Amino acid sequence: MSERKSSSNPVIRVGVADKSPLVQAALTHLFAEDHRFELVDVWADGASFLKSIERCDLNVVVTGWVISPGNGKFILDQLRAHANAPRIVVYTGAEGESVPSQVMAHGGAAFVSKREQPEYLLDTVAAVAQGRMVFPFLDVRKIHQTPLTSLTKRELEVLSALAAGQTNKQIAAAHGVSPNTVKFHIKNLFEKLDVTNRGQAIALYLKS
């Protein structure tokens, strides 16, 4: 059996958020077998993870991309409000260059395809815990070519919440503001995105 790391190389505290019980079980086993990591918690959806963020002392969270509410973008956007949020590794079977581009643009630390070997995921989590970013080759010139870059941090959080199906009242409660403040942010983001209703704003968010 491998020995634990010394205090100069502390164990990496990890969380897993994935909708699949099979993936949850596989990653639980994978992290348990590697002495570099301590698996702190496992969640079946992004909402449960976000509710736990204040009480869980985590270095890295491995999350799926297709995960409720909304998707991985929702999780990444909501974490922007947390100063000491864990770094996020998106682990997904979703194909195409657009997904890793969105992960990077929304603040993720790494993208790992489920086609990669398990050892690659473990090494990526370790690298991210050390402050690195791990992505396949991307044309970074294209990453920020989206209308969403004109939004403020709070406007992006509100839009992300709208895309996840939250009401003005729910968004207000989540961010500790009044419903009128939420309406103000929605009005501003509509103007910046040149849309006239929530459906158009959400469609643009999901597309970009």
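Taken together, the values in this text are just the output of simple stated rules run on the coordinates, not laboratory data. Everything numeric in this text was worked out from a predicted model, so none of it was measured. Here Cβ is always computed from backbone atoms with ideal geometry, including for glycine, and neighbour counts include all displayed protein chains.
Could you tell me how many degrees, from 0 to 90 and to the nearest 10, lie between the Cα long axis of helix 198-207 and the main elongation axis, the longest principal axis, of the Cα atoms of the chain?
Relative to the chain, helix 198-207 is tipped by roughly 40 degrees.
Looking at L30, I88, F74, which one has the Cα that reaches farthest to the positive end of the dipole of the stretch 12-141 (charges on Cβ: Lys, Arg +1; Asp, Glu -1)?
The residue sitting most towards the positive pole is F74.
So if each residue of separation counts as 0.36 nm, and I subtract the Cα-Cα distance between T152 and E97, what length gain in nm does that give?
Full extension from T152 to E97 adds 17.3 nm.
V177 to R55: FRET efficiency via 1/(1 + (r/R0)^6), r the Cβ-Cβ distance, R0 25 Å, to the nearest 0.05?
0.65
Report, by chain and number, residues whose modeled amide H sits under 5 Å from the one on I67, excluding near sequence neighbours (fewer than 5 apart, same chain).
Residues meeting the criterion, in which the H sits 1.01 Å from N, are G72.
With the convex hull built on the Cα atoms of the stretch 42-81, state its orientation-averaged projected area in nm².
That works out to 2.7 nm².
When N is the residue count of the chain, what does its C-alpha Rg come to as a fraction of 2.2 N^0.38 Å?
Dividing the Cα Rg of the chain by 2.2 N^0.38 Å gives 1.06.
Starting from the alpha-carbon convex hull of the stretch 98-208, give the projected area averaged over all orientations, in nm².
8.4
At 0.36 nm per residue, and after removing the present C-alpha to C-alpha distance, how many nm does the segment from A83 to E191 gain when stretched out fully?
Once the chain is fully extended between A83 and E191, it gains 36.0 nm.
With the convex hull built on the Cα atoms of the stretch 144-197, state its orientation-averaged projected area in nm².
The orientation-averaged projected area of the Cα hull of the stretch 144-197 comes to 3.6 nm².
If I take every Cα pair under 8 Å that is 6 or more residues apart in the chain, average their sequence separation and divide by the length, what percent do I get for the relative contact order?
Answer for the chain is 16 percent.
Give, to the nearest whole percent, the P(r) tail of the stretch 1-87 beyond 21 angstrom, counting all Cα pairs.
Taking all Cα-Cα pairs of the stretch 1-87, the fraction more than 21 Å apart is 31 percent.
Give, rounded to the nearest 20 debye, the magnitude of the charge dipole that the stretch 147-207 has about its Cα centre when Lys and Arg contribute +1 at Cβ and Asp and Glu contribute -1 at Cβ.
Charge dipole, the stretch 147-207, about its Cα centre: 80 debye, nearest 20.
With only Lys, Arg, Asp and Glu charged, each at its Cβ (+1 for the first two, -1 for the last two), find how big the charge dipole of the chain is about the Cα centre; round to the nearest 20 debye.
680
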